[in-house]
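Here is the structure we will look at, set down as structure tokens.
Each reported figure results from applying straightforward, stated rules to the coordinates on display, with no laboratory input. Because the structure is predicted, anything quoted here is derived from the model rather than measured. Please note: Cβ atoms are built from the backbone with ideal geometry, for glycine as well, and neighbour counts cover all protein chains shown.
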Amino acid sequence: MLEQRRQKLKEILTDPDEGVRRAAAEALERLESVLGADQLLEALKSGDRGVRVKALFALEKVNSPRVFPSLLAALKDPDADCRVAAVQVLGKKKNPKTLGNLVRHLRDPHPAVRVFAAEALGNFSDRRLVPYLVELLNEKDDELVRTAAQSLGHIGAREAEPALIALLADSRPGVRQKAAWALGRLEA
């Protein structure tokens, strides 16, 4: 069935109308990513960290619920790079069912995972995330604080205003800059 769909889309790539050709190319790309999902999911079982990381990032283009169990499993990978990749992909996919898993990684032992988890949460327009991100504003890690402030700006919830205003007095210029940026994006 999928092979027939692929063949028909390949045939229409020569359509005289550019819009039709573009739509067919996009559809073909999506279909081939789904067809390649099995290979990517198998690659996640590899012992090679580089292969696993590449497979995780490639899963971002796969539009199928079948990828979520593997992405969530990758959050438990002992390798921080794999956890970072999984967090980033889950953040871009914006599936609300993954929020709890992403919030838990705000406490990951590896600093990069924490930063990318804070960034990923900014992709969700969910006010319930504000307290978790506000809590990060008290951390010593500059990058984590800047990222949390930026994510609060992306979420745009007014509840973040007092914490962001307090950040304007922070000794770190980069933190003050992100706080000012975020304040400009909060709902009026």
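Pairs from the list 45/97; 8/93; 54/94; 10/54; 8/76; 10/61 with a Cα-Cα gap above 30 Å: 8/76. Per-residue Cβ neighbour counts within 10 Å put 116, 124, 68 in the sequence 68, 124, 116, beginning with the fewest. Between 21, 114, 52, the GNM of the chain built on Cα springs shorter than 10 angstrom shows 21 fluctuating the most.
3J(HN,Hα) couplings calculated from phi for region 59-74 with the Karplus curve 6.51 cos²θ - 1.76 cosθ + 1.60 (θ = phi - 60°) are, in sequence order, 5, 4, 7, 8, 9, 8, x, 5, 7, 5, x, 6, 5, 5, 5, 5 Hz; Gly and Pro show x.
Label-to-label distance, residue 8 versus residue 80, with points set 7 angstrom from Cα along the beta-carbon direction: 5.0 nm.
Full extension of the chain between residue 57 and residue 107 gives 15.8 nm of extra length, using 0.36 nm per residue less the Cα-Cα distance. Counting only alpha carbon atoms, the long axis of helix 80-93 and the longest principal axis of the chain meet at about 80°. Based on DSSP H segments of at least four residues, each scored -39500 (n - 2.57), the chain has a per-residue ellipticity at 222 nm of -19000 deg cm²/dmol.
In this Cβ point-charge picture (+1 for Lys and Arg, -1 for Asp and Glu), the chain has a dipole of about 280 debye about its Cα centre. Computed over the chain with a Gaussian network model linking Cα atoms closer than 10 Å, the most mobile of 46, 171, 64 is 171.
Using a Gaussian network model of the chain with C-alpha springs under 10 Å, which one of 97, 76, 54 is most mobile by mean-square fluctuation? The residue that fluctuates most here is 97.
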